[in-house]
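The values are calculated or read from the model by the stated rules, or taken from the named source; none is laboratory data. Being a predicted model, the structure only gives us computed values, none of them experimental. Every residue, glycine among them, receives a Cβ derived from its backbone with ideal geometry; neighbour counts consider all protein chains shown.
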Amino acid sequence: MPKSGASPVTTQSQPNDLDAFWMPFTANRAFKKTPRIVARSKDMHYYTNDGRAIMDTTAGLWCCNAGHNRDPIVAAIQAQAETLDYAPPFQFAHPLGFQLASRIAQMAPGDLDHVFFVNSGSEAVDTALKMALGYWHAKGESNRFRMIGRERGYHGIGFGGISVGGISPNRKAYAMALLPGTDHLPHTYDRAKQAFTKGEPEYGEHFADALEGIVALHDASTIAAVIVEPMAGSTGVLPTPKGYLKRLRQICDKYGILLIFDEVITGFGRLGTSFAAERYGVIPDMITFAKGVTSGTVPMGGVIARKHIHEAFMKGPEHMAEFFHGYTYSAHPLACAAGIATLDLYRDEDLFARTKQLEPKWADAIMTLKGLPNVLDIRTVGLTAAVDLASIPDAYGKRAFDGMHKAFEDFGFMVRNTGDTLALTPPLIISEAEIDETVDKMTKLIKAIA
Ligand SMILES: Cc1ncc(COP(=O)(O)O)c(C=O)c1O
């Protein structure tokens, strides 16, 4: 019996009751007055129920790197659903989990050889943090319990992720429940010295030295790990300064601290390499990934651990689990099938090399927005960009929020708003003509919200 008052959904693509769905990270009341709903997708575009094309210049939520509804990925998911819908990942397995793990390990640099599957970026982060603590426990150094994140960092929304994360609205309501023993590096952005930089800024390597201060305060013997995004995405695209990540690695090595790269956005081609670790020539102890691994088609994430991390766990009675951690849907067959087909497609279309090749064209095109009304800074790296806009007095975030809405309603494209920043992260299949189209749409949009 339906509850009284709840009206049924009439068609798959046109809901008539918007009330029950409490939407994540969404201004629910505003959305439900003027909803933005997409009904289908193909390649670079979404389509609304009435057939309006919306150019996807955000790769969904920075995840659909191969574009939408790609035939080989769709076929792989369909075939897998017919063959094996689910297999328990605790004490049992299916072949695709091993195949995908090997493929990911091959793509990762150095001896990042072991893959632990989860279902999202948030789970990947919490898993990596627990792996770091478990590692030190196994090494007999349980005193190393502190975890160091960075201001403006985004590591998902688990309690671990928000504790090492550095975005205040995500933390302040839960301040009493954050993990004890966390601390934060300063963020790496200084507009006065870095504005309108393409790629990694020249200025700012020294921000890594703040780790020395944190070590001096807490003592290295209490610090388990440092976690950073190689490019801080959700806060509004902050590429790390030249040399910064190498310096961070050196300081971690000096004190035996583990280094975790959160590559949930930067993994799988976003910066023109399989992982940002490769672009920056730095091998962290763990990499977290999600999003692009299945090009957003089926939820999946994971942690790639170096050999020494994995080895530290592989002891004790052989009938006992070595890591008391895992999810019902770890290595879900549909996600694994989607992942393998996605990696095949990235390889067959050479999409990461293509991204590297397109990066200068993308950066030059986006920088032409400089000089438009309210534009305070523009940053680009890989196939990613952000435009900071001056806020409307007493209405922080309103200009970019209006921009996101108008882009969808009036200009037929998707852009992500974060604070008063508009961020762009197109699928890696974007054509040069579509880059020009994006810039043209952005130009009109920025003028319209001036
Ligand atoms: C760097 C980073 N880590 C973690 C996450 C959380 O991922 P999810 O939303 O899949 O939990 C995100 C999401 O954008 C992210 O950008």
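Structure summary
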{"item": "Filtered residues of the stretch 244-262 (kept if out of contact with any Ser or Thr (no Cβ under 6 Å at 6 or more places or on another chain) and closer than 17 Å to PRO109 by Cα)", "result": "LEU245, LYS246, ARG249, LEU258, LEU259, ILE260, PHE261"}
{"item": "Residues satisfying the stated conditions in the stretch 110-152, i.e. more than 16 Å from the ligand (Cβ to nearest atom), in a loop (DSSP other than H, G, I, E, B) and within 27 Å of CYS63 (Cα to Cα)", "result": "GLY110, ASP111"}
{"item": "Pairs with Cβ under 7 Å, 6+ apart, first in the stretch 116-138 and in the same structural domain as ASN170 (by TED's automatic domain parsing) and crowded, with 20+ Cβ neighbours inside 10 Å, second basic (Lys, Arg) and in a helix (DSSP H, G or I)", "result": "GLY121/LYS291"}
{"item": "Filter result for LEU445 (part of a helix (DSSP H, G or I) and at pLDDT 95 or above)", "result": "yes"}
{"item": "Among (1) touching a strand residue (DSSP E or B) at 6+ places or on another chain (Cβ under 9 Å); (2) within 22 Å of TRP62 (Cβ to Cβ) - the single one SER431 does not satisfy", "result": "(1)"}
{"item": "Leading residue by the ranking (surrounded by the fewest Cβ atoms within 10 Å (Cβ to Cβ)) among those in the stretch 287-317 that are β-branched (Val, Ile, Thr) and within 16 Å of the ligand (Cβ to nearest atom)", "result": "VAL298"}
{"item": "Selection count where residues are touching a residue at least 24 places away in the same chain (Cβ under 8 Å) and not in a helix (DSSP H, G or I), scope the stretch 49-79", "result": "16"}
{"item": "Any pair with Cβ under 6 angstrom, 6 or more apart, that starts in the stretch 144-163 at a residue that is touching a residue at least 40 places away in the same chain (Cβ under 8 Å) and ends at one that is aromatic (Phe, Trp, Tyr) and more than 8 Å from the ligand (Cβ to nearest atom)", "result": "ARG144/TRP136"}
